Amino acid sequence: MPDAAGQSWFGQATAHDRILIGWAAPGSAPDEVALGTVDHQRVALLGGPRRQAFLTGRALLLRLLGQRFGTATADTGPCPRCGGPHGPVAVRGAAANASVAYAPGLVVAAVGSVARLGIDVVDAAPGPRWDDLGRLLRVAPSRAPRRWTQVEAVLKADGRGLRVDPADVLIRGSAAWVDSPVRYELRDVEVPEPYLISVAWSG
């Protein structure tokens, strides 16, 4: 979707023939975003940068869903723990799943005709937090940013997020497991530095 100067407001890639990924800077999306009922309620409570990031994420989802599934839409689904209006993205009108993630300065989204799907993004600029995460994930600090995106993507696809200890995610090459027989596929997505994106899926 080009802007007035003919430039696209988003970038995109594929991680698999069934998965489409997009990214954009917060606030770069079109002004009008068609929100679902729950998303309308959520965005009314947000302000400033959080509102911009949320709207950009929803615009990305709609863009990707439109490209891959036509008229499919998205809204916030119920929480899998309590049923409240703050769960993962729910796709309407297509047999698909979707995921959104945020880092300072970048919003990413993924859609796909898969049973489970998760995406994550980090600003991988050097800093002391990677020392701590490296110890948590049992990898060198230089590998911690990429491993963290992979672990987060798997836990989002799993549906339990950080209710599972990140150290319990087992990664071997392009495959991952948590604590069940479900096997997740992993792909790393090339985007401009300093960002790293990973996507995980099954089914």
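If you filter region 29-52 down to residues that are over 17 Å from Ser8 (Cα atoms) and within 17 Å of the chain's Cα centre (by Cα), you find that the one that is surrounded by the fewest Cβ atoms within 10 Å (Cβ to Cβ) is Arg50. Scanning region 74-110 for residues that are touching a residue at least 40 places away in the same chain (Cβ under 8 Å), under 22 Å from Thr56 (Cβ atoms) and either assigned to a loop (DSSP other than H, G, I, E, B) or of a type in the set (Val, Ile, Thr) (or both) yields Thr76, Pro85, His86, Pro88, Val100, Gly105, Val107, Val108. Just one residue in the set Ala200, Ala176 is surrounded by 22 or more Cβ atoms within 10 Å (Cβ to Cβ), part of a strand (DSSP E or B) and free of Cβ contacts under 8 Å to residues at least 60 places away in the same chain; that residue is Ala176. Out of the residues in region 179-197 that are over 28 Å from Ala125 (Cβ atoms) and free of Cβ contacts under 8 Å to residues at least 60 places away in the same chain, state the one that is surrounded by the fewest Cβ atoms within 10 Å (Cβ to Cβ). Ranking the candidates gives Pro181 first. Taking region 111-146 as the range and being among the small types (Gly, Ala, Ser), in contact with a Phe, Trp or Tyr (Cβ under 8 Å, 6 or more places away or on another chain) and either free of Cβ contacts under 8 Å to residues at least 40 places away in the same chain or under 14 Å from Glu190 (Cα atoms) (or both) as the test, the residues that pass are Ala124, Ser142, Ala144.
We did not get these values from a lab; they are worked out from the coordinates using the rules stated. Everything numeric in this text was worked out from a predicted model, so none of it was measured. Neighbour counts are summed over all protein chains in view; Cβ atoms, including those assigned to glycine, are modelled from backbone coordinates with ideal geometry.
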